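Have a look at the structure below, then the notes.
The values are calculated or read from the model by the stated rules, or taken from the named source; none is laboratory data. This one's a predicted model, so the numbers in the text were calculated from it and none came from an experiment. Cβ sites come from the backbone with ideal geometry, for glycine too, and all protein chains shown count toward neighbours.
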């Protein structure tokens, strides 16, 4: 025992045994993991020793099909939510935007869209307006009229008009102070609109609409839908489903809309269009009515 | 332990108060994800609650409990006042401030990231700042544990460090190594992005760094239970520890083998080659060694005690053990849960079998059984053992404490066994609502309902725990026998330097970490393009702001 008073001395039994044990364990596991496993368990019997080690380390070797033709890259939008984009939008000048917005009122109205097919923009989140204008400008979203107007606008004009529209307090209700409905927020709801808006449909991989578009949640770039025209919402869901609109960054709206039935699309559109207290939806369904009751009642 | 009593007591109370809060949330979450109606039926609240429950239970309760335990153990096992009490209080204050920051961020709905620190999910800087303070503050405790041991060694040259001191120092060193991963991730990746200094976030590097912490932290939580197994249980049973050397070896092996193994939490991760996953899985299997060694030594120690107490025959010693002592009862129940949970763990860490249960309820059930069950029940027993020594007031009462332990045991089994089965049926974890009318999901409904019943039993048990501790705290003062640690059958007069300090073992850990993590972490700096935009959950609707 006396001679074992130096833990760094490899002549002593404890350090010597420990180091040998560790080295043996590492070497055996490494041979198994990097050579045997890489060579024989990767469904690639033609790999040589070096290639199998590279593969086990995680470096893709020449087994990759380098010369294979790649499908053309198609990006759904030019906008990415980087700090510089957000700064550009935040720099928008609402006063200058008011002048630009004179182009908009003919269709989108002062307070709300002049036709059920033209979306209400007053009160719309600035990031949303900016992104859609850029998509129209770059052809990522198709519309004869909007593309023509958007190409005449500079990015700064877009930011200005976005700031002006976002500042209009008399249009769409603000997302921040949006009250929660008193009831009806789970999968047990029978009303399809309430079910899809608050709980989604996990069986079909559909997240709740409300998680991004409100009420209850808001994601960057997702428009608030509360108070939007039903016919417009229905037309856009249909466009996503049919692939004629493709500017959703992660293809999420195309995936979701594709799976909705026509009745569900209709119900969701009605739900959102009628949510604000000034335009209640006329329906006998008690669950829907309950959800429309202002919070705290 | 005069100067450390208040210190330990404050740490324990923070831990158990947080524990009660966490249990209430846990029980509600069980209800929420079941087919039964739950109050506040809302998915956003569920994810916020999961974050709070996980953060509270995994970081706050454990860190505070173990720090308090460490101070108490060092003062009593070295039998001299703790050095550095002032610094210890500073550490306590930093950890508490961090906890408050993190909790406020979660409750205000700005941090529903499910407590994992996995980017690209990104919480508010307050959450990460709070977590950083909590973990960094505990490094003061680490330093004090090491300092007290080395100073004692200097004052007592040639004498073996008491096993309890040695073990708590091993715990502290293990925690320092383990925490390095998450601290680097917080300081280098999450906080800079949360402050808005960059657009992208290095998700893959973040996950890899967190895996350094992810498995070793479990052993950090486990260590107090093992320290109780070796140093308190044989004493309570009225016997002696079978072997002091085995105890030292166990804690050394936990230190060495719990660290270079975290990548078995990344078996499904595309960023890493299969070779490193296999290497770390193989090393993981070696963690079974100290556990098996412990089961053997504890059974041997208990047999010594049982026979001293008059037990005869092959198994007669079992009945002769003092099962009316909470500590004794807790060990029995803990070993049962450790056995069941351990077999589940072997499946999780197996390269191929893991893919069957990856990201299912099986995983949640597993760590609730092994941590919430086997480990936390020992926390209760430790509290019951130490409370009279710290407060100077007797435990009120042992029968109540025993029923609390039984309730916890059955509650945990009833919760986790059906939960495992639901996981095998494919139920994903971290999901707020299930459509139980779906024919694929419908068979899980009865299992989930049984789990809810277990969850409510756990809630009742936690309330009972607080009642017992509270009643004892405000009881009448009475003379208490001092804290005693078990002597070994052959108490060591001298031990080899390798078993009396950590120099050799830290060197081995360093080499293993470089082998196991050097390339997997290093590759991100020269090989792969891996930064992605963050998914911010910092602007979601607040939990409080509900009508």
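Against the conditions (1) surrounded by fewer than 19 Cβ atoms within 10 Å (Cβ to Cβ); (2) within 16 Å of residue A:119 (Cβ to Cβ); (3) touching a helix residue (DSSP H, G or I) at 6+ places or on another chain (Cβ under 7 Å), residue A:235 satisfies every one except (3). For segment B:301-315, how many residues meet the condition of being surrounded by fewer than 17 Cβ atoms within 10 Å (Cβ to Cβ) and touching a residue at least 12 places away in the same chain (Cβ under 8 Å)? The number of residues fulfilling the criteria is 3. Residues in segment B:506-518 that are in contact (Cβ under 8 Å) with a residue 40 or more places away in the chain and more than 8 Å from every other protein chain (Cβ to nearest Cβ): B:506, B:509, B:513, B:516, B:517. Is it the case that residue B:521 is touching a helix residue (DSSP H, G or I) at 6+ places or on another chain (Cβ under 7 Å), within 10 Å of chain A (Cβ to nearest Cβ) and in a helix (DSSP H, G or I)? Against the criterion (touching a helix residue (DSSP H, G or I) at 6+ places or on another chain (Cβ under 7 Å), within 10 Å of chain A (Cβ to nearest Cβ) and in a helix (DSSP H, G or I)), residue B:521 does not qualify.
In this structure, residue B:283 does not qualify as within 25 Å of residue A:14 (Cβ to Cβ) and part of a loop (DSSP other than H, G, I, E, B). Filter segment B:266-293 down to the residues that are free of Cβ contacts under 8 Å to residues at least 60 places away in the same chain and surrounded by fewer than 20 Cβ atoms within 10 Å (Cβ to Cβ) and list them by number. Within segment B:266-293, B:270, B:286, B:288, B:289, B:291, B:292, B:293 qualify.
The helices (runs of 4 or more DSSP H) falling completely within segment A:42-158 that include 2 or more residues that are modelled with pLDDT of 90 or more, away from chain B (no Cβ under 14 Å) and touching a helix residue (DSSP H, G or I) at 6+ places or on another chain (Cβ under 7 Å) map to A:94-100, A:126-138, A:144-151.
Only residues that are more than 12 Å from chain A (Cβ to nearest Cβ) and in a helix (DSSP H, G or I) were counted in segment B:243-254, giving 6.
Can residue B:258 be described as more than 14 Å from every other protein chain (Cβ to nearest Cβ), in contact with a strand residue (DSSP E or B) (Cβ under 7 Å, 6 or more places away or on another chain) and surrounded by 21 or more Cβ atoms within 10 Å (Cβ to Cβ)? Against the criterion (more than 14 Å from every other protein chain (Cβ to nearest Cβ), in contact with a strand residue (DSSP E or B) (Cβ under 7 Å, 6 or more places away or on another chain) and surrounded by 21 or more Cβ atoms within 10 Å (Cβ to Cβ)), residue B:258 does not qualify. Here residue B:152 does not qualify as under 23 Å from the mean Cα position of the chain (by Cα) and assigned to a helix (DSSP H, G or I). Total residues in segment B:110-136 satisfying the condition of being over 11 Å from residue B:186 (Cα atoms) and at pLDDT 95 or above: the figure is 1. Looking across segment B:450-501, the residues that are in contact with a helix residue (DSSP H, G or I) (Cβ under 6 Å, 6 or more places away or on another chain), in contact (Cβ under 8 Å) with a residue 60 or more places away in the chain and within 14 Å of another protein chain (Cβ to nearest Cβ) come down to B:492, B:499.
Identify, from the list B:200, B:186, B:174, B:191, the residue that is crowded, with 21+ Cβ neighbours inside 10 Å, touching a residue at least 12 places away in the same chain (Cβ under 8 Å) and either in contact with a strand residue (DSSP E or B) (Cβ under 9 Å, 6 or more places away or on another chain) or closer than 24 Å to residue B:536 by Cα (or both). It would help to see each step written out before you state the result.
Working: B:200 fails: crowded, with 21+ Cβ neighbours inside 10 Å; B:174 fails: either in contact with a strand residue (DSSP E or B) (Cβ under 9 Å, 6 or more places away or on another chain) or closer than 24 Å to residue B:536 by Cα (or both); B:191 fails: crowded, with 21+ Cβ neighbours inside 10 Å.
Residue meeting the stated conditions: B:186.
The conditions are (1) closer than 22 Å to residue B:90 by Cβ; (2) under 20 Å from the mean Cα position of the chain (by Cα), and residue B:126 fails exactly one of them. Which is it? Checking residue B:126 against (1) closer than 22 Å to residue B:90 by Cβ; (2) under 20 Å from the mean Cα position of the chain (by Cα), the one that fails is (2). If you filter segment A:11-22 down to residues that are touching a helix residue (DSSP H, G or I) at 6+ places or on another chain (Cβ under 9 Å) and within 10 Å of another protein chain (Cβ to nearest Cβ), you find that the one that is surrounded by the most Cβ atoms within 10 Å (Cβ to Cβ) is A:15.
Residue-by-condition table, conditions (1) in a helix (DSSP H, G or I); (2) under 30 Å from residue B:396 (Cα atoms):
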| position | (1), (2) |
| --- | --- |
| B:299 | yes, yes |
| B:313 | no, no |
| B:318 | yes, yes |
| B:323 | no, yes |
| B:338 | yes, yes |
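Look at (1) without any contact (Cβ under 8 Å) to a residue 24 or more places away in the chain; (2) away from chain A (no Cβ under 14 Å) and you find that residue B:420 fails only one, number (1). For segment B:423-449, a residue qualifies if it is within 14 Å of chain A (Cβ to nearest Cβ) and assigned to a helix (DSSP H, G or I), and the qualifying residues are B:442, B:444, B:445, B:448.
Would it be correct to say that residue B:50 is buried (at least 23 other Cβ atoms within 10 Å of the Cβ) and closer than 18 Å to residue B:137 by Cβ?
Here the answer is no, as residue B:50 does not meet what is asked.
Before we move on, is residue A:221 within 14 Å of chain B (Cβ to nearest Cβ), at pLDDT 85 or above and in a loop (DSSP other than H, G, I, E, B)? Let's see the steps before the verdict.
Numbers: within 14 Å of chain B (Cβ to nearest Cβ): yes; at pLDDT 85 or above: yes; in a loop (DSSP other than H, G, I, E, B): yes.
Taking the combined requirement at face value, the residue satisfies it.
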